[in-house]
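See below for the structure under consideration.
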Amino acid sequence: MTGVGVASTEPRGGEAAVRELAARCVFPSFPGAAVPDWVRRFLAGGGGGIVLFAYNVPSRHELAALCATLRAERDEILLAVDEEGGDVTRLEWQTGSSYPGAAALGAVDDEPATEAIAASIASELAAVGVNWNLAPVADVNAPANPVIGSRAYGSDAALVGRHTAAFVRGTQSCGVAACAKHFPGHGSTEQDSHLELPALQGDVAAGLPPFEAAIAAGVRSIMTAHIRVDALPATVDPAIVDDLLRKQLRFDGVVLADALEMKGVSAMFGIEEAGVRALQAGCDALIVGHDVGEEGVERLQHALATRVEEGRLREAAERVSRLAAWARPRSQATDRSGAAAAARRAVRVEGDVSLGRDARIVELRPVANIAAGEFEHAFGAVVREGEPVPSADVYVVRDAHRHEWMRAAADVEGAVVVETGLPLWRPARARGYVAAFGAGRASLDAVAEVLSRDERAVPAVERA
């Protein structure tokens, strides 16, 4: 790793050139589908790119227009989204994803299917001008994890590694850069790094095989996790980023720090200090959310330009530029029918799940984690913790093993339970049980097919 140090409070060398290097390493966001003037100036001044979220996607057409407007400021930029499939989607936030998520694909365990689905997702991104998908999730999940769960392919490192590599190959076959996350493994934690600093449970080596598989598959970028392995969050720990990822695993692509305003790192350092430490530790690119705003982005750029050694800053900026030059997306044929078939293959059924035409369905919905956001689609009448639960024929739960209120409400004599998270709990009194391995629209549609066999009517997935 190039040497690092603390300089004076003014940029060294050519001030404009150093500020441009700093800008190349920053990836902010903004709300809406209209580009603010400050974002135009940021990109024209060398900004690395923009991370887009659901609030930037009122429609596909408007997203495509937004991406074209951003790219008009400077062609070689990276436009990124989290389009994992399943529970985490930006393109289809209003209706739910047409693609099954990682847990469903892990349950099917068909690597060509995972690769094909990743290519189809990447093709849809390419069609609207997005060239960087912040996926796949390469974490090996543990049952108590509150933020990964069905976003992971499973709890077996070898299986997760195979499907991580398949997703990388499929994504990058369309000229869209993939990003394996969250290094060195957010799965073996029991807290959400959006809200606090989780501690890694067990040996860090246990979570590395999927990242090694991603590197072997040629992944262009890897995202760090704000989790504590030793004393520091991994994102700002040189022992994790530089020693482990760079030197031991020999990864020379872009290392992207997860959003700096997340409490897993900002509570300890603040955004600017976290950004400086992340670059010094070996990261190349930094995400900041729309709440940071123009002034926060400017403060972060100034901190990088004045406090990170210029050689390290240049190395990081050059990696970002190489990635932007490589990421030239090519829209190819999509295959949503294959995705639907994979979602159907993932569904597991136990007992009697037959329903009458007037079946009453209640969805017991937990508080959404920030990564997925609140779903706009629903499978039945939505009930949240603390609200009265009406009697029903079907209870839809999500990670019921983590929610006692959900288990108590759903374990009803003669009912059918549909689990849309990880199927680790079984009701004692229900007559039937269905595991969907995800709550995206593809998975819920597959469940609806199971429940409506023999011409029994089941309500379609609707807006919540």
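For the chain, what size does the Cα cloud have along each of its three principal axes, sorted from largest down, in whole Å?
Cα extents, longest axis first: 75, 45, 40 Å.
Which far-off residues, 5 or more places away or on another chain, put their amide H under 5 Å from the one on residue 419, with H placed in the peptide plane?
Close amide H contacts, sequence-distant or interchain: 397, 434, 435, 436.
For residue 177, enumerate residues with amide H under 5 Å from its amide H, sequence gap 5+ or separate chain, H modeled in the peptide plane.
Under 5 Å from the amide H of residue 177: 132, 133.
Please give the contour-minus-distance gain from residue 318 to residue 428: 0.36 nm per residue of separation, less the Cα-Cα distance, rounded to one decimal in nm. Let's see the in-between values first.
Numbers: separation 110, 0.36 × 110 = 39.60 nm, distance 5.79 nm.
Taking 0.36 nm per residue and subtracting the Cα distance, the gain is 33.8 nm.
Work out the charge dipole of the stretch 160-276 with +1 on the Cβ of Lys and Arg and -1 on the Cβ of Asp and Glu about the Cα centre, then indicate which of 165, 240, 207 is farthest towards its positive end.
Going by the Cα projections, it comes out as 165.
List the residues, sorted by chain then number, that are 5 or more residues from residue 377 or on another chain and whose placed amide H is less than 5 Å from its amide H.
Amide H neighbours of residue 377, under 5 Å, 5+ apart: 464.
Considering only 102, 327, 30, whose Cα is most displaced toward the positive end of the charge dipole of the chain, charges sitting on Cβ of Lys, Arg (+1) and Asp, Glu (-1)?
Of the options given, the answer is 327.
With +1 on each Lys and Arg Cβ and -1 on each Asp and Glu Cβ, and nothing else charged, work out how big the dipole of the stretch 398-445 is about its Cα centre, in Debye to the nearest 20.
Here the stretch 398-445 has a charge dipole of around 40 debye.
Roughly how much of residue 326 is accessible, in Å² to the nearest 10, using a 1.4 Å probe?
Roll a 1.4 Å probe over it and residue 326 shows about 70 Å².
What order do you get for 138-145, 220-227 when each peptide is scored by the mean count of other beta carbon atoms within 10 Å, highest first?
Listed from highest to lowest mean packing, they are 220-227, 138-145.
How much area per residue is accessible in the stretch 362-436 when the probe is 1.4 Å and only protein heavy atoms are counted (Å²)?
Working: 2990 Å² over 75 residues.
About 40 Å² of surface per residue is accessible.
Between residue 382 and residue 299, what is the label-point separation in nm under the 7 Å Cα-to-beta-carbon projection?
The two pseudo-label positions are separated by 3.4 nm.
If I model a spin label as a point 7 Å beyond the Cα along the Cα-Cβ vector, how far apart are those points for residue 205 and residue 405 in nm?
My value for the distance between the label points is 4.3 nm.
If you line up the Cα atoms of the stretch 163-236 on their principal axes, what length do they span on each, largest first, in Å?
38, 22, 19
Taking a probe of 1.4 Å, how large is the accessible area per residue of the stretch 14-135, in Å²?
On a per-residue basis, 28 Å².
Taking a probe of 1.4 Å, how large is the accessible area per residue of the stretch 253-313, in Å²?
29 Å²
Compute and list, largest first, the equivalent-ellipsoid semi-axes of the stretch 267-372 from the alpha carbon gyration tensor, each √(5λ) rounded to a whole angstrom. Present the calculation step by step, with values, prior to reporting the outcome.
Working: eigenvalues 429, 103, 32 Å².
Semi-axis lengths for the stretch 267-372 are 46, 23, 13 Å.
Okay, helix-only estimate at 222 nm for the chain: each DSSP H run of n ≥ 4 adds -39500 (n - 2.57), divide by all residues, round to 500 deg cm²/dmol; what do you get? Please list the in-between numbers first.
On the way: 14 runs with 160 residues, N = 464.
Rounded to the nearest 500, it is -10500 deg cm²/dmol.
Under a point-charge model restricted to the Cβ atoms of Lys and Arg (+1) and Asp and Glu (-1), what is the dipole moment magnitude of the chain relative to its Cα centre, in debye to the nearest 20? Let's see the in-between values first.
Details: 46 positive and 63 negative charges, 144 e Å.
Approximately 700 debye in magnitude.
Just the number, please: carbon plus sulfur as a percent of the accessible area of the stretch 331-461, 1.4 Å probe, no ligands or DNA/RNA counted.
The C+S portion of the solvent-accessible surface of the stretch 331-461 is 47 percent.
In the calculated pair distance distribution of the stretch 1-152, what percentage of Cα-Cα distances lie above 23 Å? Could you put the intermediate results ahead of the total?
Numbers: 5525 of 11476 pairs.
Roughly 48 percent, rounded to a whole number.
Computing the accessible area with a 1.4 Å probe over protein heavy atoms, can you report the carbon and sulfur percentage for the stretch 177-322?
Numbers: 2230 of 4910 Å².
Accessible surface attributable to carbon and sulfur in the stretch 177-322 totals 45 percent.
Leaving out ligands, DNA and RNA but keeping every protein chain, what accessible area does residue 50 have, in Å² rounded to the nearest 10, with a 1.4 Å probe?
0 Å²
The values are calculated or read from the model by the stated rules, or taken from the named source; none is laboratory data. These numbers come from a predicted model, not from an experiment. A quick note on method: Cβ atoms are made from the backbone with ideal geometry, for glycine too, and the neighbour counts reach across all protein chains shown. Surface areas here come from the heavy atoms of the whole protein model, side chains and all, with no ligands, DNA or RNA. Shrake-Rupley method; radii C 1.70, N 1.55, O 1.52, S 1.80 Å.
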